[in-house]
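Let me begin by presenting the structure, written as structure tokens, before commenting on it.
The values are calculated or read from the model by the stated rules, or taken from the named source; none is laboratory data. Keep in mind that this is a model prediction, so the values were computed, not measured. Positions of Cβ are generated from backbone atoms using ideal geometry, with glycine treated the same way; all protein chains shown enter the neighbour counts. Ligands, DNA and RNA are excluded from the accessible area calculation, which covers all protein heavy atoms including side chains. Shrake-Rupley method; radii C 1.70, N 1.55, O 1.52, S 1.80 Å.
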Amino acid sequence: MTKTVNHWIGGKTAEGTSGRYGPVTDPATGAVTTRVALASAEEVDAAVAAAKAAYATWGTSSLAQRTAVLFRYRALLDAHRDDLAALITAEHGKVHSDALGEVARGLEIVELACGITTQLKGELSTQVSSRVDVSSIRQSLGVVAGITPFNFPAMVPMWMFPLAVACGNTFVLKPSEKDPSSANLLAELAAEAGLPDGVLNVVHGDKVAVDALLDHPDVAAVSFVGSTPIARHIHATASANGKRVQALGGAKNHMLVLPDADLDAAADAAVSAAYGSAGERCMAISAVVAVGAIGDELVARIRERAEKIRIGPGNDPASEMGPLITAAHRDKVASYVTGAAAQGAEVVLDGTGHTVEGFEDGHWIGLSLLDKVSTDSDAYRDEIFGPVLCVLRVETYDEGVALMNASPYGNGTAIFTRDGGAARRFQLEVQAGMVGVNVPIPVPVGYHSFGGWKDSLFGDHHIYGNDGVHFYTRGKVVTTRWPDPADAPAGVDLGFPRNH
């Protein structure tokens, strides 16, 4: 019988009652290995009710109690790195080293949450007027929800719920139904660490579950990571329902390569950033902008490196890139390559016919490299979310920056140069939320915040870091006046002199 992934509600497994299930596939073989319960609106109600009940005590718990749980949780996650990575590889397909890297980046936010005591310190101004003090404090919101994507099934949830619960909220997680198992393990380990029942809940599902969370009156805030159209819908719907929203959308990340750049370093960076995790990441470099006469040599060096990448099952230590998440997604990615030449691109590498011996039914695609791509082609305009790298040619730095800033996306970007002055101009002039200087994937460390501009982010707060703490709390200002003890009514002796 096929294994079933059920919900986690109120500190225990809750079997699905909707009668609806979705398939979970091993991308390397194409075989359905698991089914996942798809929640009804009533099951979402049960998860929110469990979170609301838990908030009554967790929301007033001490910082010492919360951080003690988080420190134990961090230790358990560290001990189970390989278990989490194995689940990610089995259901997403990424190679084991990529999966371990994902867990490590998620752990950074757990570590940030362990230090929440300093993040939640307030401010105090004394004697703003005679005997008047003003203090600012931050308090939790209540029940908050997270809706996370398939490409980082462990890391993105860990970007959300550890900070949320550290701030005193309770959490309902709706992970991707394509690779759901790691979310359940995250919840089980949190319970083992001592997180009280109902503080973290996991409901699996599709649009039914998402809409139930967006409409639920007891959900105070929603965090989302996914495509731009869905991010826009999440933001509009949840905001209209009076909820706080951070909705991170898609990307078309550019890498500007100046003529003075170290071309070997730039080619290495382009290959790792474009093809790592099979290109299924919102911070992938999908467009290299070559300035001046270096284009031909840069493309040649990228091709030389790309041709050596070994593609195979994620659990094979020799594999450097795994399959795509589903056959349908593989076919969609391939369509951009097969149509590129007709739209004026030079197809330097065509990975659409790639197969792996012994795993012919897997969701395989090879590395594709498109040169001399135009800005009006589909391969450039759309977020492909696969191992397809576009190279565009420009004559000057200014032309390159103008091209990049014309994109509707503004997630991450990078420049490769030896010129500090050019790099400084770039970091100020480029319209993107995250900038790398000779760093191809500028994902911030946990104590800075992650987020883009333009159509890559809907809402006012980036995720994790200081923005994450502010998103999961709200400010309150208290103005206080106390009479001087010496002015106490007659007959009340507090031991203070009355000769002031």
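Short-range pairs are left out: with C-alpha atoms under 8 Å and at least six residues apart, the relative contact order of the range 2-56 is 36 percent.
Pairwise Cα separations in the range 317-461 fall into 10 Å bins from 0 onward with the following percentages, short to long: 10, 32, 34, 21, 4, 0. With the simple spin-label model, which puts each label point 7 Å out from Cα in the Cβ direction, the ASP460 to THR67 separation comes to 2.9 nm. Mean sequence separation of contacting Cα pairs (under 8 Å, at least six apart), scaled by the length of the range 42-165, corresponds to a relative contact order of 29 percent. In the range 86-237, the portion of solvent-accessible area held by carbon and sulfur atoms comes to 55 percent [1.4 Å probe, whole percent, DNA, RNA and ligands not counted]. Given the choices [x] 37, 26, 24; [y] 45, 30, 18; [z] 35, 29, 24, semi-axes √(5λ) of the Cα gyration tensor in Å derived from the coordinates of this structure is entry [y]. At full extension, ASN438 and ALA191 could sit 84.8 nm farther apart than now, given 0.36 nm per residue minus the alpha carbon distance. When peptides 189-199, 314-324, 472-482, 244-254 are ranked by their average number of other Cβ atoms within 10 Å per residue, the highest-first order is 244-254, 314-324, 189-199, 472-482. In terms of packing, defined here as the mean over residues of other Cβ atoms within 10 angstrom, the peptides 182-188, 151-157, 73-79 line up highest first as 151-157, 182-188, 73-79. Normalised by the number of residues in the chain, the average gap of Cα pairs under 8 Å and 6 or more apart makes the relative contact order 18 percent. So for the chain: antiparallel DSSP bridges make up what percent, rounded to the nearest 5? Around 40 percent of the beta bridges assigned by DSSP in the chain are antiparallel ones.
Here is what passes the span test in the chain: the DSSP H helices with alpha carbon length of 20 Å or more along the helix axis and a Kyte-Doolittle mean of -1.0 or above are 41-58, 63-79, 96-114.
Placing R0 at 22 angstrom, the Cβ-Cβ distance between ASP211 and THR17 gives a FRET efficiency of 0.75 after rounding to 0.05. Less than 5 angstrom separates the built amide H of GLY436 from those of THR413, ALA414, ILE415, all sequence-distant by 5 or more or on a different chain. Ranking THR118, ALA86, ALA99 by Cα position along the charge dipole of the range 80-127, where only Lys, Arg, Asp and Glu carry charges on their C-beta atoms, puts THR118 farthest toward the positive end. Among the protein heavy atoms of the range 288-340, carbon and sulfur supply 47% of the accessible surface, probe 1.4 Å, non-protein parts ignored.
Averaged over its residues, the range 373-500 has an accessible area of 51 Å² per residue, based on protein heavy atoms and a 1.4 Å probe. Peptide packing: for 447-458, 424-435, the average count of neighbouring Cβ atoms within 10 Å per residue gives the ranking 447-458, 424-435, highest mean first. For the range 211-336, the solvent-accessible area with a 1.4 angstrom probe is 34 square angstrom per residue. Sort out for me the Cα centre separation of the range 1-42 from the range 183-248, rounded to whole Å. What the calculation gives is 18 Å, centre to centre. Would you work out if the range 7-97 is rounded, prolate or oblate? Take a ≥ b ≥ c from the square roots of the eigenvalues of the alpha-carbon gyration tensor; rounded if a/c is under 1.5, else prolate when a/b is larger than b/c, oblate otherwise. Oblate, because a/c is 1.5 or more while a/b does not exceed b/c.
Taking a ≥ b ≥ c as the square roots of the eigenvalues of the Cα gyration tensor, the range 30-183 is prolate, since a/c reaches 1.5 or more and a/b is larger than b/c. Remark: the range 1-90 carries 47 Å² of accessible area per residue (probe radius 1.4 Å; ligands, DNA and RNA excluded).
Couplings 3J(HN,Hα) for the range 350-356, derived from phi with the Karplus relation 6.51 cos²θ - 1.76 cosθ + 1.60 (θ = phi - 60°), are 10, x, 5, x, 6, 9, 10 Hz, where x marks Gly and Pro. Let a ≥ b ≥ c be the square roots of the eigenvalues of the Cα gyration tensor of the range 204-327; is it rounded (a/c under 1.5), or, if not, prolate (a/b larger than b/c) or oblate? Because a/c hits 1.5 or more and a/b fails to exceed b/c, the range 204-327 counts as oblate.
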